[in-house]
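Colleague: Please find one structure pasted underneath; my questions will follow.
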Amino acid sequence: MSMFSTGILVLTAPLHTLPFRIAPVLSSAAQVVERTLYVHLHPGLNLGTGAHARPVFIPPVVDLPGLISRLYSNAADVCGHLDVRVLLTNFRAQSVVPQAGLDALSNPFPSPQTLSHSPEVVLTDFPLQDPGQSSLVTQCLQRYAGHCYVCMPDLSSVILHPTLEVVKSEEEEHKGGEDPKPIETYGDVVVGGTFDRLHGAHKTLLNICCLLANRRFVIGVSDQELLKNKVLRELIEPYTRRVQRLREFLSDVKPSLQYDMVPLSDPFGPSITDTHLQCIVVSEETRRGGEAVNRKRVENGLSELVLFEIPLIKDAHHTDIEEEKISSSSLRARLLGTLLAPPPARPALPRVPYVIGLAGGSGSGKSAIARRLEGLGAVWINADQLGHGAYLPGSAPYQKILQEFGPDVLNEDKTIDRRALGRMVFGNKERLKALTDIVWPEISLRVKERVQQAKQEGAGVCVVDAAVLLEAGWTDMVHEVWVTIIPEEEAVSRIVARDGVSKEDAWKRLQSQWSNTKLVEQANVVLCTLWDPDITQRQVVKAWNLLQERIQQKKEDTGLPS
C-alpha cells in the first residue's frame, strides 16, 4: 500500500470500545501514513447508509481524558515515528453558548478547518457489513473528511476494519453500561511546562486542557532560570521554537480557543495573578506545584483553582539513564550520538579520510571519547599533544613567543614554561590573542600533516581531538564537528581531581572557554560522559555506526566504490 505523508483517522467506534481498538488501529494506520496522523473522534458515525454523513458537536464526557491519554500512550508504543494529534474542534460542552448564529449550535465546521499539514489520505475503523459496501463507505468517508478539513485534492481513503477483527471479542465483553457522564468544563484553563520537543505526554496534557477550556487557555513556558537544572539543558530547543511548535499543535487541536503563551522565569507566572483563571491541569508529579499555586492565589486574595490531575504516561522504551515516564529529558538523551545538524559541504576537503573534529570543554571527557573512537577503528590525532611541539626550541613559533613575551617565560633549560606563559595571558584577551596568533597556525599545519600521513596509511576515519577546534576556526579541516558536554559542576569536580587545582581556578578555566551551549550550537553530533563508562561506550558506538552509514551513503551518492 502507498505511503502518505499526512492522514486523518476518523474513529467511529463507541467510546467504551475504543480503548481496545486504539493499538491495532494505530498500528494499521502506521502502515499507510509516515509523518503526521490526525485523529478525529466521532463515536457512532454511520458511513454505510449512503447518506451525507455530517459532523456534529459531541459533548465532552468523563471518559475522554483517559481515552486521550491511552491514545497517546499507545501511539508512543506502536508508532513512535508518527506525529499523532487528536483533534477536538467537534467537542463542546452543551452549556457553552456559541457566539455565531443558529447554525453554530450543531455545526462545528461552518467551513473546512485548515490544518498545519494537508491530509492526503483519510482512514477509518468503520466496520463493513459486507465487501460490496466498501465503495459506498469510502466515498462517504471522503465527503465527511472534506466537510471537516481542507484536504489535498485527490484525497485517498482506506478502511482499516478488516485488520481489527482480533479485538472484537474484547469489545463484546465490555458492551453496555451506563451512559458516560459529562465532564465539567471551564472558561479559562492554565498549565505550565518546558514543552521541549513535543511528545505524547505533552500532547495528552495539552489535549485535556483544550477539552476542559471553553474560552481561553494560558500556557506558561519555562525559560531562563527554570532551565538551569534540566538534564542536557544545552539540547533544549530555544523558547521561540518551543512556542512555535505549541501554537501549531494547538491551532490544529482546537482553533476556537484563545491561546496566551507566556515565558516563565519562576514556577508561578500568571497562575497566581490572573483573576479569570478557573482550572489548572497537573500531573501526579506536579500536583504539589498546583497546590502551591492555590496557596499563592489565596495570599493574593484570589479564588483557588480547580486542580485537574492526569496520570503520567509510561515510556515502554526507556533505558537505564532515562525516566520511566515519557519525558523531554529522555528524548534529549536519545539525541546523543545522532546527527543533530547536517554537516556543510566541503568540496575542497578530500573525501578520504573522513575527518571528525572533536571539541569540548575541560573535564568533559573529550580525550576519553577520542580513545573509544580509536578503539572502533579511527585514527586519533591529539592536537594538544601536537601543540606541545610548537613550544619547543627550534620550532617556528619558539622565537616569536620569546619576542612577544620576553625571557621570563623560559625554564632554566631554555624550554618555554607553559604555566608561566599561561599566567601571562590568562584573563587578558589581547595577550591571549597574541599567543594564539602565533601557535594556532603551527598546530593547524601539524594536524593537516598528520591527517595526510593517516591517508597514506589507509585510514578511513580520523578524529582530530582539539579543545580549541571551534575557537581557532579549524572547521574547514574537518567534515563534521562533534562535541562533548557535561554540567559545569561535574566538570569542576573532574578538573580539581585531575589537576589538583582549587575549585576557584577550575571555574575560571571553564569561564575562559566556550560554554556548552555555544559548543552545541556549532555541533553536528553531541556526546555526554556524565554517566557510567558503559553508557558512554553505547553513545560512541551509536555515533560510530551512524557515521559509517553516512559515509556509505556519500559513496553511493557520488558513485565511489564502497
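The values are calculated or read from the model by the stated rules, or taken from the named source; none is laboratory data. The shown structure was predicted, so the numbers you read here are calculated from the model rather than taken from an experiment. As a convention, Cβ positions derive from the backbone with ideal geometry for all residues, glycine included, and neighbour counts pool all protein chains shown. Ligands, DNA and RNA are stripped out before the accessible areas are found, and what is left, the full protein with its side chains, is counted by its heavy atoms. Shrake-Rupley method; radii C 1.70, N 1.55, O 1.52, S 1.80 Å.
Colleague: So, of the residues in segment 366-397 that are in contact with a Cys (Cβ under 9 Å, 6 or more places away or on another chain) and open to solvent by 20 Å² or more (accessible area, probe 1.4 Å), which turns out to be nearest to THR484 (Cα to Cα)?
Modeller: Residues of segment 366-397 in contact with a Cys (Cβ under 9 Å, 6 or more places away or on another chain): 378-381.
Subset that is open to solvent by 20 Å² or more (accessible area, probe 1.4 Å): 379-380.
On the way: VAL379: 18, TRP380: 16 Å.
My answer is TRP380.
Colleague: Restricting to segment 264-293, name every residue that is touching a Phe, Trp or Tyr at 6+ places or on another chain (Cβ under 6 Å) and open to solvent by 30 Å² or more (accessible area, probe 1.4 Å).
Modeller: GLN278
Colleague: Can ALA466 be described as surrounded by 13 or more Cβ atoms within 10 Å (Cβ to Cβ), out of contact with any helix residue (DSSP H, G or I) (no Cβ under 7 Å at 6 or more places or on another chain), touching a residue at least 40 places away in the same chain (Cβ under 8 Å) and not β-branched (Val, Ile, Thr)?
Modeller: Details: surrounded by 13 or more Cβ atoms within 10 Å (Cβ to Cβ): yes; out of contact with any helix residue (DSSP H, G or I) (no Cβ under 7 Å at 6 or more places or on another chain): no; touching a residue at least 40 places away in the same chain (Cβ under 8 Å): yes; not β-branched (Val, Ile, Thr): yes.
When the stated conditions are applied, ALA466 does not pass them.
Colleague: Follow-up. Pick out the one residue from ARG431, ARG423, ARG450 that is under 22 Å from LEU510 (Cα atoms), in contact with a helix residue (DSSP H, G or I) (Cβ under 9 Å, 6 or more places away or on another chain) and either open to solvent by 60 Å² or more (accessible area, probe 1.4 Å) or not hydroxyl-bearing (Ser, Thr, Tyr) (or both). Explain how you work it out, then say what you get.
Modeller: On the way: ARG423 fails: in contact with a helix residue (DSSP H, G or I) (Cβ under 9 Å, 6 or more places away or on another chain); ARG450 fails: under 22 Å from LEU510 (Cα atoms).
Only one candidate qualifies: ARG431.
Colleague: Which number in (1) touching a Lys or Arg at 6+ places or on another chain (Cβ under 9 Å); (2) closer than 29 Å to TRP482 by Cα marks the one condition that LEU340 misses?
Modeller: Among (1) touching a Lys or Arg at 6+ places or on another chain (Cβ under 9 Å); (2) closer than 29 Å to TRP482 by Cα, the lone unmet condition for LEU340 is (1).
Colleague: Run GLN244 past the list (1) polar (S, T, N, Q); (2) in contact (Cβ under 8 Å) with a residue 12 or more places away in the chain; (3) surrounded by fewer than 20 Cβ atoms within 10 Å (Cβ to Cβ) and report the number of the one that doesn't hold.
Modeller: If we test GLN244 against (1) polar (S, T, N, Q); (2) in contact (Cβ under 8 Å) with a residue 12 or more places away in the chain; (3) surrounded by fewer than 20 Cβ atoms within 10 Å (Cβ to Cβ), just (2) comes out false.
Colleague: Could you list, in sequence order, all residues of segment 341-357 that are within 30 Å of PHE195 (Cα to Cα) and either of a type in the set (Lys, Arg) or surrounded by 15 or more Cβ atoms within 10 Å (Cβ to Cβ) (or both)? Reasoning before the result, please.
Modeller: Taking segment 341-357 and keeping what is within 30 Å of PHE195 (Cα to Cα), we get 341-344.
PRO343, the sole residue that qualifies.
Colleague: Moving on. Can you name the number of the only condition in (1) touching a Cys at 6+ places or on another chain (Cβ under 8 Å); (2) open to solvent by less than 20 Å² (accessible area, probe 1.4 Å); (3) part of a loop (DSSP other than H, G, I, E, B) that THR89 fails?
Modeller: Going through the list (1) touching a Cys at 6+ places or on another chain (Cβ under 8 Å); (2) open to solvent by less than 20 Å² (accessible area, probe 1.4 Å); (3) part of a loop (DSSP other than H, G, I, E, B), THR89 breaks only (2).
Colleague: Restricting attention to segment 30-73, report how many residues are among the polar types (S, T, N, Q), buried (at least 16 other Cβ atoms within 10 Å of the Cβ) and out of contact with any strand residue (DSSP E or B) (no Cβ under 9 Å at 6 or more places or on another chain).
Modeller: Of the residues in segment 30-73, the ones among the polar types (S, T, N, Q) are 31, 36, 46, 49, 69, 73.
With the extra rule that they be buried (at least 16 other Cβ atoms within 10 Å of the Cβ), the set shrinks to 36, 69, 73.
Among the residues that remain, those that are also out of contact with any strand residue (DSSP E or B) (no Cβ under 9 Å at 6 or more places or on another chain) are: none.
Qualifying residue count for the region: 0.
Colleague: Can you list residue pairs whose Cβ atoms sit under 9 Å apart, with the first residue in segment 259-272 being farther than 16 Å from PHE249 by Cα and the second being polar (S, T, N, Q) and assigned to a helix (DSSP H, G or I)? Count only pairs 6 or more apart in sequence or on different chains.
Modeller: PRO263/GLN224; LEU264/GLN224; SER265/GLN224; ILE272/ASN294
Colleague: Can you name the number of the only condition in (1) surrounded by fewer than 17 Cβ atoms within 10 Å (Cβ to Cβ); (2) over 30 Å from THR529 (Cβ atoms); (3) of a type in the set (Val, Ile, Thr) that THR319 fails?
Modeller: Of everything listed in (1) surrounded by fewer than 17 Cβ atoms within 10 Å (Cβ to Cβ); (2) over 30 Å from THR529 (Cβ atoms); (3) of a type in the set (Val, Ile, Thr), THR319 misses just condition (2).
Colleague: Shifting gears a bit: Any chance you could count how many residues in segment 247-263 are open to solvent by 30 Å² or more (accessible area, probe 1.4 Å), closer than 16 Å to SER116 by Cβ and touching a strand residue (DSSP E or B) at 6+ places or on another chain (Cβ under 6 Å)?
Modeller: 1
Colleague: Return yes when VAL10 is of a type in the set (A, V, I, L, M, F, W, C), open to solvent by less than 40 Å² (accessible area, probe 1.4 Å), outside any loop (DSSP other than H, G, I, E, B) and in contact with a His (Cβ under 6 Å, 6 or more places away or on another chain) and no when it is not.
Modeller: Details: of a type in the set (A, V, I, L, M, F, W, C): yes; open to solvent by less than 40 Å² (accessible area, probe 1.4 Å): yes; outside any loop (DSSP other than H, G, I, E, B): yes; in contact with a His (Cβ under 6 Å, 6 or more places away or on another chain): yes.
Spelling it out, VAL10 is indeed of a type in the set (A, V, I, L, M, F, W, C), open to solvent by less than 40 Å² (accessible area, probe 1.4 Å), outside any loop (DSSP other than H, G, I, E, B) and in contact with a His (Cβ under 6 Å, 6 or more places away or on another chain).
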